[in-house]
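The values are calculated or read from the model by the stated rules, or taken from the named source; none is laboratory data. As the structure is a computational prediction, the values presented were derived from the model and not from experiment. Glycine also receives a Cβ, built like all others from the backbone with ideal geometry; neighbour counts cover every protein chain displayed. Note: accessible area is taken over every heavy atom of the protein model, side chains too, but ligands, DNA and RNA are not part of it. Shrake-Rupley method; radii C 1.70, N 1.55, O 1.52, S 1.80 Å.
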Amino acid sequence: MDERWRLSRRQILKGMAAAGALTTAELAWWDEPLIAPRRAWGAQPVRFQFSVPEPKRTALVESLAQRFNQSQKDFEVKVEFVPQAQARQKLITSIAAGTPPDVAQVWDNWVGEFDGMNAVEDLTPKVRDWSGYKDVLPLAWETVTVKKRILSFPWVVTNDGVYWRTDRAKEYGAKPPKDDWNFDDFLAYAKTMTKPDKNQYGFGMRGQGTWAVLYATEFMYANGAQVLGKDGKVAINSKEAAEALDWYLDLFRKHKVCPPSVPTDGWRGIVEGFGRGVTNSYIHNSGSSEEQKDFVKPENFATVPLPFGPAKKRSSFYFSETLTPFKAGKAREGGFKFMAWAMEPEPHFMYSKALGLLPARKTVAERPEFTRDPALAGFIKSFPFSIVSPYLAHAGWGGKLDSEGVPLFQQALVGRLTAREFLDKFAEVLSKNMS
Amino acid sequence: MRSRGGLDTAERVLGGPVLWAGLAALTAFALAPFVWVLLASFKTRAELYATPLVWLPTSLSLANYVEAWTSKLTPFSRFFANSLWVSSVTMVATTAISVLAGYALARFRFAGRQTVMLVFLATQMFPAVLLIAPLLSQWHALGLIDTYQALIYSNFSFTVPFTVWMLVGYFESIPRELEESALMDGCGRFGALCRVVLPLAAPGVAATAIFAFVSSWSELLFAITFTSQTEMRTLSAGLLFMVGQYEIQWGQLSAGVIISTLPVAVLFTVLQRHLIRGLTAGALKG
Amino acid sequence: MAREATLARPLARPLLTRRAREVLTGYLYLLPVVIALGATVVVPIVRAIQMSLYRNVLIKPQEYGFIGLGNYARLLDDDVFWLSLWNSFYWVFGSVSLQFLGGFVAALLLHQSFQGRAAVRTLTLLPWIIPGVVVALIWEYLYQPNYGALNDLLARAGLMTDKVAWLSNPSLAMPAVIATNVWRGVPFFAIMLLAGLQAIADELYEAARVDGAGVLERFWHITLPMLRPIIVVATATRIIWTFNYADLIFVMTSGGPANATQITSTYTLLQAYSNLDFGYAATLSVVLLLIMLAFTLLYLRVTRGVEPVA
C-alpha cells in the first residue's frame, strides 16, 4: 500500500472523526442551525392555524393578522399554514398531544369531532355578549351549534351550486342552465358540452373527499330521500335515494359526460378541471368563484342552483368555515379577541369578498358586491332551499364519511357496487357511528 | 452440434445491433421521465397546460426554480437546508457509532455475537410503518416534535443496522496481522482502529456513509409525521405538502423535484464505483 | 485463538486480565449502537405490541383502554385488511418479478464492453437512488390524464382515442404503480447481478467455448448457476423491502381508488393518519412484522445452503 495515499486517508478520517465528535456533542442542544426563530417579544403570541394555503388566501390572511397585530399591542397573531389535506390530522394529533393552536380555521363538520374529544369549549355566553351576535344569520350559528352549545364563530358561509361555461354553451348550442332546471336539463347540458375530441367533458364530478358523498346526497335529496328518517334512524338506503344515485352515477358510468379521472378527483381536481377548460360544469361552493374569474374570466362562466329532481324537490347543503378556539390553547383571551376582530364588518368583508365566500353577517352580505355578482348568483338563489348538511347530525360521522364513505362511493362509481349496495353499506357505516 | 461459424454470427448479432438497441432502450427507459420533468421545470404556466401538449419549453426560464426556492408556502431553500442538515448529521453520527460497533463485532469474540449479527440483519427487514406510531408518542413525550433530533434519531433505525452489517464485512476482510504490529507497538485498540484499520477500510466506510446520507435524504414517513411546521420540513416532506396545496403547480413541483434529485445524483455519479462495490459486497456475502 | 496468545504480553500490572479487558472494550464499542437502536427500534417495537392491545383512537379519547386481543379479532373480520394482503402479494410479485427480468437484461447489457460504459451505467442506475417521493411525483405527472406525457405519446402514436386516467381506474391503478416501482427497482437488480457477472471467471466461458457451447448454452450452464446465490439473496431482500415499502403508493394513490392499490403497509398508514386509530394501526404493523419475520426465517433457511461466489 502506498504510504502517501494512506496518510491522506488518515487525514480525511481524522476530519471525519472530529466532525463526528462535534456533531455528537451538538446533537443534544442544536435545534436551529441556520435561521433562528423569529420571536415576538412583549405581546403574547396567538397561534392561528389556517388550512387553505392557496396564494391569494395566504396573502390575505397574513395581512389580516398584521392589521390585527397593529390594532392592539397585547397579542400577536402568528399564522400557521397547513395544507387542507393534512389539516384535520394535524389538529387532532396536536389536540391529543395537548398542544393545539389557540384558534383554527376549520369546517363546521369537524367541530363535532373536536367536541367529542372534549377539546373545544362552550362559547355560548361569551358569544351572546358579543356585539355582532344578532347580525349573524341564525342558520350560520346553527352550523356551529353542537348539543345546544355554540362552539365556534361561523366566519363565512356558503352552499353548493353549479358552475357552467356561458361562452362554450353558446358555441356548442347548449340550452343554458336556468334557475329552475331539472335533472333532464342537467343531463342534456352535460351531453352537449362533452367533446372528447377536444378533451372536454360536460360535468366535472367529484369522486374524492367528503364532498364527493355530499354532492351525491344533494341529488338524492332532490328525489325526496333523507339521511335520517323521522324515527331518528338512518334512512339513506331508501328507494328514492337509490334511484337518484343511479342517475347521478350514470353521468360517469353510462353517459360518460365526466372525465375519466373522476374517481380520484377531489376539490383540487374539479376546480382545476374547470379552470383549465377540461370540464364545462362542476358543483362546488362559492369558494372557487374568485379563482375561476382568474382562470376562465368573469364573462365566461356563471352559477345556477342545483337542478330539481323527479320529486320536484331540490337542496343545497349549507356549511360554514369557522373560527374555532381550543380549550388547551395558551392564549385563549387573545384568541377570542382575534376571532371577534375577524368578525368585524371590515375584515369580514375583505375575507369574504376576496374568496368569493358569503359573509355570515347580514349587514355585510347585503352589500352589492355580493348581491350583484353573477358568479355568486347561483348560491344566493339557493339560500331559500338550503339546509344544514344532514351529516352534521352525529359527531362520529365527520371522519367516517371520509375514511369509509368515500372509498365505498368510489366503488359504486367504478361499478364494483350498485347504487343500492353502496347505500346499504353506507347506511350500515352511519348506523354504527351514531353518537 | 453447431458449427463455429454459426456461433460467431449469434455472437456478432448479440454483441452488435442487439446490444446497441438494448442499451438505447435501457437509457431511454431510465432517463425519459427525468427529461420530461426537467423540461417541465422550464415551462411557463401556459406551456404546461396547453392542449395539445407542448413538449419543449420556448425558453430556458428559471422562474419556476426561483419561485420554488423563495416561495413562502413551500420554501425549498429552507427544505434543502433541513434535508442537508438532517442527512449530514445522520451520516456522520451513524458512521461514527457503526464503525465502533462494526469493529467490535469483527474483532472481539464475545457471547451472542452471532445473535447480534442476526438482529442487525433482521432489523433491516422491519417495516417502517411499525415504528411510526410508537416513535411519534415517544418524541412527543420527550418534546422533540418539530426538531431535527427527532428526525436524526429516527433515521438511525434504518441506517445503523445496514452500516454495521456492512462494516463488519469490511473489517473482517482486513488481515489481523496489520493491526497486531500496531498493538505491539503500544497502541490501544482504539489507536489500532484509527491508524491501521480505518485507512484501509476507508472506501468501504465512505460507501456506507454515503448510503446513510442518501437513504436519509429520501426518507419520507418520519419527516411528515414528526414535523408539522413548514420551516422544519425536509425536501421529501416539502414536496408532498406541495401536492396537498390548492392546486398542483407542476412547474414549481418539477423544479422542486430537480432540486431534490441533484445532490444525490451528483454524489452517486462521483462515487458510484465505491458505492456499488460497497453495496453489492453485502449481498454477495449473504 | 493462537494468534492472541502471541499478543498476551502484559504491559503493566493490569487491573483486569487482558481477556476481560478485551471483552469489556468490545461491549463498550457496541454500546452507542445498542443505545441508538434500543431507543429507535427495540423500545418502539415493544410499544407497538403494547399499543396493539389497546383501544386508542385519537378522536375518541374517552374510549381509551385495554382490550386485549380485540384489535386482532377485528382484523379477522376486516375485509379491507384481507384485500390489502392480497394486493400486497400482487404488488410484491408484480414488482419484483419485472424488476428482476429488467435488471437481468440491463446487467447483461452493461456487462459488455463498449465505449462510454461508465457513463451509461451511472445514468441507468439513477432511478434507484432518488427519493421515493420524487419517483412518485414524476410518474404521477407522466400519468396525468390531461397534461401527462404518457397519454400524449399514446395519442400521437395513434394507439389511444379516449384519455385514460391511469391512476383513477381501479383495474389500471395497480399496474400503473407497479410500473413505477419497476422503473425504480430495475437498477437495484442490475447492480447486484452485474456484480455477480463480473465475479464469474472468464476462463469458464473460454473453456465452454472451446467445448463448442453456444451463447445460450453458456448462459444456461455457466451464467445462471454461478449467479444463483446472488439471485436468491437479491430477490429475497427485494421481496421484503417491497412488501414493507409504502412511500410510492402512499404518494401516488393513497391506496385508492376504492382500495384498488391498498397494500397492507399503506392501510396501516391510513389507519394511523386518516382514521387516527393508533391501536388498530399498531395491530396491523405487528401483523406485518410477523409476516416479515416468518419470511426472513424461511429465507435464512434457504440461503444457508447457498454459498457466496465472491
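For region B:118-134, a residue qualifies if it is in contact (Cβ under 8 Å) with a residue 60 or more places away in the chain and open to solvent by 20 Å² or more (accessible area, probe 1.4 Å), and exactly one does: B:Ala128.
A single entry from B:Gly191, B:Gly204, B:Gly238 fulfils the requirement of being in a helix (DSSP H, G or I) and buried (at least 24 other Cβ atoms within 10 Å of the Cβ): B:Gly238.
In region B:145-165, which residues are more than 8 Å from chain C (Cβ to nearest Cβ) and either farther than 19 Å from C:Pro32 by Cβ or open to solvent by less than 10 Å² (accessible area, probe 1.4 Å) (or both)? Outline the logic, then answer.
Here is the first cut: in region B:145-165, the ones more than 8 Å from chain C (Cβ to nearest Cβ) are B:145-152, B:155, B:158-159, B:162-163, B:165.
Matches in region B:145-165: B:Ile145, B:Asp146, B:Thr147, B:Tyr148, B:Ala150, B:Leu151, B:Ile152, B:Asn155, B:Thr159, B:Thr163.
Residues that are farther than 18 Å from A:Val304 by Cβ, over 16 Å from the mean Cα position of the chain (by Cα), buried (at least 19 other Cβ atoms within 10 Å of the Cβ) and free of Cβ contacts under 8 Å to residues at least 12 places away in the same chain are absent from region A:212-234. Scanning region A:336-391 for residues that are closer than 16 Å to A:Val144 by Cβ and open to solvent by 50 Å² or more (accessible area, probe 1.4 Å) yields a single hit, A:Ile387.
Give C:Leu137, C:Leu142 a once-over and let me know the one that is modelled with pLDDT of 90 or more, over 20 Å from the mean Cα position of the chain (by Cα) and closer than 22 Å to B:Leu239 by Cα. Spell out how you get there, then give the answer.
On the way: C:Leu137 fails: over 20 Å from the mean Cα position of the chain (by Cα).
Result of the check over C:Leu137, C:Leu142: C:Leu142.
Being within 16 Å of B:Ala106 (Cα to Cα) and either surrounded by fewer than 23 Cβ atoms within 10 Å (Cβ to Cβ) or of a type in the set (Asp, Glu) (or both) is a property that does not hold for B:Ser137.
Taking region A:346-360 on its own, how many of its residues are touching a residue at least 60 places away in the same chain (Cβ under 8 Å) and either farther than 21 Å from A:Asp160 by Cβ or in contact with a Phe, Trp or Tyr (Cβ under 8 Å, 6 or more places away or on another chain) (or both)?
So the answer is 9.
The set of residues from region A:285-326 being of a type in the set (Asp, Glu) and part of a helix (DSSP H, G or I) comprises A:Glu290, A:Glu291, A:Asp294, A:Glu299.
The condition of being in a helix (DSSP H, G or I) and either open to solvent by less than 20 Å² (accessible area, probe 1.4 Å) or of a type in the set (A, V, I, L, M, F, W, C) (or both) does not hold for A:Gly329.
Can you name the residue in region C:110-141 that is of a type outside the set (Gly, Ala, Ser) and in a loop (DSSP other than H, G, I, E, B) and, of all such residues, is most open to solvent (accessible area, probe 1.4 Å)?
C:Gln115
In the condition set (1) without any contact (Cβ under 8 Å) to a residue 40 or more places away in the chain; (2) more than 10 Å from every other protein chain (Cβ to nearest Cβ), C:Val96 is compliant with all but (1).
Criterion applied to B:Thr147, B:Thr115 was being hydroxyl-bearing (Ser, Thr, Tyr), within 29 Å of B:Ala206 (Cα to Cα) and free of Cβ contacts under 8 Å to residues at least 24 places away in the same chain, and the one residue passing it is B:Thr115. On the stretch given as region B:94-114, residues that are over 28 Å from the mean Cα position of the chain (by Cα), more than 9 Å from chain C (Cβ to nearest Cβ) and open to solvent by less than 20 Å² (accessible area, probe 1.4 Å) total 0. Scanning region B:239-273 for residues that are farther than 27 Å from B:Ala207 by Cα, more than 9 Å from every other protein chain (Cβ to nearest Cβ) and modelled with pLDDT under 90 yields B:Gln249, B:Gly251, B:Gln252.
Residue-wise test of (1) surrounded by 24 or more Cβ atoms within 10 Å (Cβ to Cβ); (2) among the acidic types (Asp, Glu).
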site	(1), (2)
A:Gln86	no, no
A:Gln89	no, no
A:Gly98	no, no
A:Asp102	yes, yes
A:Lys126	no, no
A:Trp130	no, no
A:Val144	yes, no
A:Val157	yes, no
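Of all the listed residues (B:Ala212, B:Ala182), the sole one being more than 8 Å from every other protein chain (Cβ to nearest Cβ), part of a helix (DSSP H, G or I) and out of contact with any Lys or Arg (no Cβ under 7 Å at 6 or more places or on another chain) is B:Ala212.
Can you confirm whether region C:88-109 contains a residue that is open to solvent by 20 Å² or more (accessible area, probe 1.4 Å), farther than 30 Å from C:Trp220 by Cα and of a type in the set (Gly, Ala, Ser)? No - not one qualifying residue is present in region C:88-109. All conditions in (1) within 14 Å of chain A (Cβ to nearest Cβ); (2) in contact with a Phe, Trp or Tyr (Cβ under 7 Å, 6 or more places away or on another chain) hold for B:Pro203, with the sole exception of (2).
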